[in-house]
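Chemist: Following this message is one structure expressed as C-alpha cells.
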Amino acid sequence: MKLIAAADKKWGIGLNNKLLVSIPDDMKFFRETTTGNVVIMGRKTLESFPGGKPLKNRINIVLTRDKNYKVDGAKVCHTKEEVLEEIKKYDTNNVYIIGGESIYRLFESECDTALITKIDFEYEADTFFPNLDENGWELVEESEEQTYFDIIYNFCTYKKN
C-alpha cells in the first residue's frame, strides 16, 4: 500500500477540512496516480470532496466509526481490520491511503511507499501527515524543483526502511 499527500514544511496537510493549497500539477499527479485504483479515506476526507461524493474511476473505501454511515459509490468500513480484509480483493500495489490525518497514522505501518508533494512553505494547519523524515522512512526520489506562481514544491517518493 502507498500513502499519497501534499504536505508543507511542517508536514501540514489541511485546515478546516480543506487542503492547504491547490496546485494543479499536484491535483493532476494525484488523479493520474489513483485513477483505476483503490483509495482509502476517512469520512471527513470524503465529505471534503465536491458534493461529498466518492472519486470517479476508483474503488473508494471509507473508514468511519459511524455504524449508520452510508454513501453511494463507496464501500464503508468501520475498523482497520475490516479495511484490511476488504483490500485482500485487490493488488496492494494499487491501494492508496488518501487521508486524513488519523487515517494516514492508522495505516502508515501497513505501507511501504509514500508519494509526497513537499511544499516549501509553512501554512497554518490543523491536520498533519506523519513526519516521514523522523519515522524511519527514506527519501529515495525527488523531482526537480517545481513552481506554481510563488509556490515552490517537489514530488518526492519515500520508502520505508
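Chemist: Chymotrypsin sites (Phe, Trp or Tyr not before Pro), restricted to segment 1-93: which are DSSP loop and have at most 16 other Cβ atoms within 10 Å?
Modeler: The qualifying sites are 69, 90.
Chemist: Rounded to the nearest 20 debye, what is the charge dipole size of segment 93-132 about its Cα centre when +1 sits on each Lys and Arg Cβ and -1 on each Asp and Glu Cβ?
Modeler: For this selection, approximately 140 debye.
Chemist: Projected onto the charge dipole of the chain (+1 at Lys/Arg Cβ, -1 at Asp/Glu Cβ, origin at the Cα centre), which of 116, 137, 63 gives the Cα projection farthest towards the positive end?
Modeler: Checked the options; the winner is 63.
Chemist: What is the Cα centroid distance between segment 86-142 and segment 18-34, reported in whole angstrom?
Modeler: Between the Cα centre of segment 86-142 and that of segment 18-34, the gap is 14 Å.
Chemist: Once the Cα gyration tensor of segment 26-95 is diagonalised, what are the square roots of 5 times its eigenvalues, in whole Å and ordered largest first, as equivalent ellipsoid semi-axes?
Modeler: 19, 16, 9
Chemist: In segment 6-108, which trypsin sites (Lys or Arg not before Pro) fall in coil by DSSP and have 15 or fewer other Cβ atoms within 10 Å?
Modeler: The qualifying sites are 9, 10, 56, 65, 67, 70.
Chemist: Using the Cα gyration tensor of the chain, with a ≥ b ≥ c the square roots of its eigenvalues, what is the shape: rounded (a/c below 1.5), prolate (a/b larger than b/c) or oblate (neither)?
Modeler: prolate
Chemist: Right, next: Between 0 and 90 degrees, rounded to the nearest ten: what's the tilt of helix 24-34 against the longest Cα principal axis of the chain?
Modeler: 40 degrees
Chemist: Treating only the Cβ of Lys, Arg, Asp and Glu as charged (+1, +1, -1, -1), what charge dipole size does the chain show about its Cα centre? Round to the nearest 20 debye.
Modeler: 940 debye
Chemist: Please report the antiparallel percentage of DSSP beta bridges with both residues in segment 1-96, rounded to the nearest 5.
Modeler: Of the beta bridges lying entirely in segment 1-96, close to 15 percent run antiparallel.
Chemist: Please identify every one of the GluC sites (Glu not before Pro) in segment 65-158 that sits in a loop by DSSP and has no more than 14 other beta carbons within 10 Å of its own beta carbon.
Modeler: The qualifying sites are 122, 124, 144, 145.
Chemist: Ratio to report: Rg/Rh of segment 10-57, with Cα atoms as the point set and Rh obtained by the Kirkwood method; give two decimals.
Modeler: Reported Rg/Rh (Cα atoms, Kirkwood Rh): 0.95.
Chemist: To continue, here is another question. About its Cα centre, how strong a charge dipole does segment 49-128 have in debye, to the nearest 20, once Lys and Arg get +1 and Asp and Glu get -1 at the Cβ?
Modeler: Here segment 49-128 has a charge dipole of around 500 debye.
Chemist: Set the bar at 19 Å for Cα to Cα. Now go through 44/67; 10/44; 10/118; 2/118; 9/118 and name every pair that lies beyond it.
Modeler: 10/44
Chemist: Which percentage, to the nearest 5, of the DSSP beta bridges contained in the chain is antiparallel?
Modeler: Counting DSSP beta bridges with both partners in the chain, the antiparallel share is about 50 percent.
Chemist: Could you list, bin by bin from short to long, the percent of Cα-Cα pairs of segment 71-161 in 5 Å steps?
Modeler: Pairs per bin, as whole percents: 2, 10, 18, 22, 19, 14, 8, 6, 1.
Only the coordinates and a few stated rules stand behind these numbers; no lab work does. Small disclaimer: the values here were computed from a predicted structure and weren't measured. FYI the Cβ positions are ideal-geometry reconstructions off the backbone, even for glycines, and counts take in every protein chain you see.
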